[in-house]
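For reference, the structure discussed in these notes is given below.
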Amino acid sequence: MTARLWVVTLALLGLTACGPSGSVTGDGTEGDADANTKDDTSQTTTQPQVDVSGRITYQDRMYDDTGFITGNTPDKPARRVVVDLLDADNNPVDTTLTDHSGNYAFTQVPIGDYSLRVLARATADSGETLNVYNMSDTLYAVSQAVSFSEEQTTADVNVPLSSRMAGPFNMLDVMLSGTEFYHYYSDTTATLNDLNLFWQYGQSPGSYTCLGTGGGCSEGSGIYVLSDPYSTGDTDEFDDDVLWHEFAHHIEFSTGMTDSPGGYHSLADTDLDLRLSWSEGMANYFQIAVKAWLRAQYPQRLSIPGHLASTRYTDTRSNTVNVSLDLASLPTSFSYATNEAAIAMTLIGLQDNAGQARVWAPLVDQLPANSYADTLEAYWDGLLQSQPTNQELAQWRAILSERSILYQRDALESDQLFADAPARDCSLTDQTLPADCIVGERHTLYHASGQADSDTLAISVTAGVRYRIWTHDLRNGADTRIGLYHTDGTALLDGNGDPLVNDDDVDCETQAGGCSPLHDGSHFASSLEFVAAEDGTLYLVTDTADAAWLAPANYGYLARYGDYAVSIRLLESGATTP
C-alpha cells in the first residue's frame, strides 16, 4: 500500500479547510516511527522544554430504528490512533498513540509552533493495525496548528461532522470495538489480519469485504464502505451495524472460517447456497453480539440509545432508513439453514440460552479446522463438542426447530436396521389407479455422531404393479439418494440389471449456470419407477448423496443433513418390467 496522506487542516477552534474537497497539504511518505519515538534533530534542545498533552475526539451520529437522531452528535474519543507532532517546517518531532479515552502526551517538547497530525490509523491493544484510505490509496489525516509554551501545554483536536473527516474516525472506532470483542472471546494469542478500509465521499459504490483484487476490489483486500455515489444521501460511515457486519467477514477471511462463494443475497432468500447463508447469517449475528457486549462493558461507545434492542439491525439513508429490523422477532417465513436471517435468529436464541462465550467458541475453535464446508451444520457439530446436557441439547434443538432447522434424528427409526424399519402398506387392493400410498411423509437426515444417516421404510408391494417413488420439498440444503433393496440387503435390479438407485432428478452440474435458485426443494430430489416382480416386502432406503460427505470442497453448497418429504404412488397394474 502506498503510504500517502490525505490531510485536512483544522484550526484550533474551527474548520479552515473542509472535507475531502479541502486542500491536500502533502503526499509524502508517512513516517513509521514507533509510539513516543522522538527525532531529536528536528528541534534545537537549547529552548525550554515542556510536557504536552491533549485529547483527540470526533463527532459521532446517534441513530435509532427511524434513522439518525437530529441534533444527537456527541463527541467521542479517537481511541488508539496515531498522533504525529510536526515542527513548523512539517518535519516529524515525535509520534504516539492515543489511549482509550483519546488522550495523547509528548514529553520534553521545546516550546514553539507545531502542528498535530492525527492519522486515520489505529493500533489495537492486540497489535492489529486499522487504516482508512480514500479510493486512491491515500491515508486520511487531519492537521491542526498548535503553539506550546510554559503557559500553554495542552491542545485538543476535535474532528467535526462538517469536515467529512469524522466518518473515517468513526469507522476506525467501530472496527476497533470489533477487534476487541473478537479477542475478548477468543484465544488471546490469535491475531487478525491488519485491516484497510476504503471510503471516499461520492465514489464508493457499496459496502462489502474483499479478499484480493478484481471486480469492485480495485484497491485490494479490505472493507469498502458505501459513500453516496448516486447522490441519494446513502452513506455507511456512521452505520455501525453495517460496518460490524462487514467486520465479521474480515474475521472470516483472517481465520479461514469461511467457504462462502459470495454473490447476491437478501434477508428473505430461503434458497441460498449453505455457505453463503451461513456467512451472511453469522455476520448479521455478529453486529448483535458486539452491541450486546458493548452494552455490558462499554455502553458509552454505542451509537444507539439505551432503549433500542441490540438485536435490531439498522441501515440508514439520509434522514430515514433503508432497513430497520429486529432480527430476534422475524416471522416464520424466515426459515431454514439456507436463509441468512434464520441463521442469525438461531445464533441469537442459542446465545440467550447458552451465553455468548459458549456460542462464540465453535466459530474460532472448530470452523477454521473444519474438514467439511463452513456452514451451520459445521457450526452445530462444533457446538456439540461443548458436551451439552440432555436438557440443554433439547433446548438448543427447539431453538433450531423454531426456524424449521431439524438437526435431529427421526422418531421412526434409530438404528437403521431393516428389521426395525416401520412398515408401509403399498399393496394393491381395490384402489382406482393411479393411487397414492404415501403422501409427503417427512424425514430428517441426521445422525448425532456426525456420520451419514439413512432412513428405511418397509414397503409392501404387489406383483405386476408399477410404482413411482420420489423425494420432494427438500429443505435445509438436503441432497437425497433413494434405493430399493431386498430383505437380505442387496439392491433390487431393474430390467437392465442396474441397481434401482437414484441420486438427483436434475444434475445441476450439467445445467447452464447451475441450478437457480439453488435450494428450491426440487433440484436435488430423487425419483425412480419400478414394477414389482412378486408380492412381498421391499426396503426403501433414503440417505444423503455422497457428494457433500466425500467432496465438500466441490459440493459445499449441499447439506450433509437436511430433511425431505417422500411419496409413493401406484401407477398401473398388469405392468411388465421393461
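The values are calculated or read from the model by the stated rules, or taken from the named source; none is laboratory data. Note that this is a predicted model, so its numbers are computed, not measured. Because the Cβ atoms are built from the backbone with ideal geometry, glycine has one as well, and the counts that use them run over all protein chains shown. Ligands, DNA and RNA are stripped out before the accessible areas are found, and what is left, the full protein with its side chains, is counted by its heavy atoms. Shrake-Rupley method; radii C 1.70, N 1.55, O 1.52, S 1.80 Å.
Largest first, the extents of the alpha carbon coordinates of region 52-174 on the three principal axes equal 51, 31, 28 Å. Candidates Thr444, Thr154, Leu384 compared by Cα position along the dipole of the chain: farthest toward the positive end lies Thr154, with charges placed on Cβ.
Probe radius 1.4 Å, ligands and nucleic acids ignored: give me the carbon and sulfur share of the accessible area of region 279-415 as a rounded percent. Walk me through the numbers on the way to the answer.
Details: 2430 of 5210 Å².
Roughly 47 percent, rounded to a whole number.
Highest average first, the peptides 115-126, 262-273 ordered by how many other beta carbon atoms sit within 10 Å of their residues are 115-126, 262-273.
Quick check on region 210-271: what are the equivalent-ellipsoid semi-axes from the Cα gyration tensor, as sqrt(5λ), descending, whole Å? Don't skip to the answer; put the middle values down first.
On the way: eigenvalues 86, 54, 35 Å².
Those come to 21, 16, 13 Å.
For region 452-578, the fraction of 1.4 Å probe accessible surface lying on carbon and sulfur atoms is 45 percent.
Helix 340-354 and the long axis of the chain differ in direction by around 80°, with both axes built from C-alpha atoms. Seen against the Cα atoms of the chain and their longest principal axis, helix 166-185 is set at about 50 degrees. Between Tyr185 and His307, the modelled label-to-label distance comes to 2.8 nm, taking each label 7 Å out from Cα in the direction of the beta carbon. Only Cα sites of region 127-217 enter the Debye sum here, all with the same form factor; the resulting log10 I(q)/I(0) across q = 0.11, 0.20, 0.23 1/Å is -0.46, -1.08, -1.23, listed in q order. Could you tell me how many degrees, from 0 to 90 and to the nearest 10, lie between the Cα long axis of helix 390-401 and the main elongation axis, the longest principal axis, of the Cα atoms of the chain? Approximately 90 degrees, to the nearest 10.
Where only DSSP H runs of four or more residues are counted, the chain gives -6000 deg cm²/dmol as its mean residue ellipticity at 222 nm, each run worth -39500 (n - 2.57).
Can you check what the net charge comes to around Gln385, using other residues whose Cβ is under 14 Å from the Cβ of Gln385 (Lys, Arg +1; Asp, Glu -1)?
My count for the surroundings of Gln385 gives -3.
For region 136-141, 3J(HN,Hα) computed residue by residue from phi via the Karplus equation (6.51, -1.76, 1.60; θ = phi - 60°) reads 10, 6, 10, 6, 6, 7 Hz, glycine and proline entered as x.
Only four residue types carry charge here, +1 at the Cβ of Lys and Arg and -1 at the Cβ of Asp and Glu. Report the dipole size of region 394-503 about the Cα centre in Debye, rounded to the nearest 20.
Values: 9 positive and 17 negative charges, 63 e Å.
That gives region 394-503 a dipole magnitude of about 300 debye.
Each 5 Å bin, from zero up to the one with the longest distance, holds this percent of the alpha carbon pairs of region 257-360: 2, 12, 21, 22, 21, 13, 7, 1.
Out of the DSSP beta bridges found with both residues in the chain, what percent are antiparallel (nearest 5)?
Close to 80 percent.
Over all distinct Cα pairs, what is the inverse of the mean 1/r for region 358-506, reported as the Kirkwood hydrodynamic radius in Å? When all Cα pairs of region 358-506 are included, the Kirkwood radius is 18.3 Å. Shape call for region 169-301 from the C-alpha gyration tensor, a ≥ b ≥ c root eigenvalues: rounded (a/c under 1.5), prolate (a/b greater than b/c) or oblate? Because its axes are fairly even, with a/c under 1.5, region 169-301 counts as rounded. Evaluated over the Cα positions of region 427-576, the convex hull gives a direction-averaged projected area, one quarter of its surface, of 9.8 nm². For the chain, the solvent-accessible area with a 1.4 angstrom probe is 40 square angstrom per residue.
Around the amide H of Gly102, modelled in the peptide plane, lie the amide H atoms of Arg80, all under 5 Å away and 5 or more residues distant in sequence or on another chain. For the chain, the relative contact order works out to 11 percent when only alpha carbon pairs closer than 8 Å and six or more residues apart are counted. Per the Debye formula on identical point scatterers at the alpha carbon atoms of region 105-148, with no solvent, log10 I(q)/I(0) at q = 0.16, 0.17, 0.32 Å⁻¹ is -0.62, -0.68, -1.08.
Taking the inverse of the average 1/r across all pairs of different Cα atoms in the chain, what Kirkwood radius in Å do you get? Write out the running numbers ahead of the final one.
Numbers: mean 1/r = 0.0370 Å⁻¹.
Kirkwood hydrodynamic radius for the chain: 27.1 Å.
Of the options Ser303, Asn502, Thr129, report the single residue whose Cα projects farthest towards the positive end of the charge dipole of the chain (beta-carbon charges: Lys, Arg +1; Asp, Glu -1). In the chain, that residue is Ser303.
Taking the Cβ of Leu518 as the centre, find all other residues whose Cβ is under 12 Å away and add up their charges (Lys, Arg: +1; Asp, Glu: -1). Before the final figure, lay out the partial values.
Details: positive: Arg275; negative: Asp269, Asp271, Asp273, Asp479, Asp520.
Every neighbour counted, the sum reads -4.
Placing unit charges on the Cβ atoms of the charged side chains and taking the dipole of the chain about its Cα centre, the candidate lying farthest along the positive direction among Leu139, Gly483, Ala105 is Ala105. In the chain, the sites counted are GluC sites (Glu not before Pro) in DSSP loop states with at most 12 other Cβ atoms within 10 Å, and the longest stretch holding none of them, exclusive of the sites, is 152-533. What is the percent carbon and sulfur in the accessible area of region 51-200, measuring with a 1.4 Å probe over the protein chains and ignoring ligands? It is 42 percent, rounded to a whole number.
Placing +1 on each Lys and Arg Cβ and -1 on each Asp and Glu Cβ, with no other charges, gives region 241-315 a dipole about its Cα centre of roughly 520 debye. For region 216-256, chymotrypsin sites (Phe, Trp or Tyr not before Pro) meeting the loop criterion (DSSP other than H, G, I, E, B) and having at most 16 other Cβ atoms within 10 Å: Tyr230.
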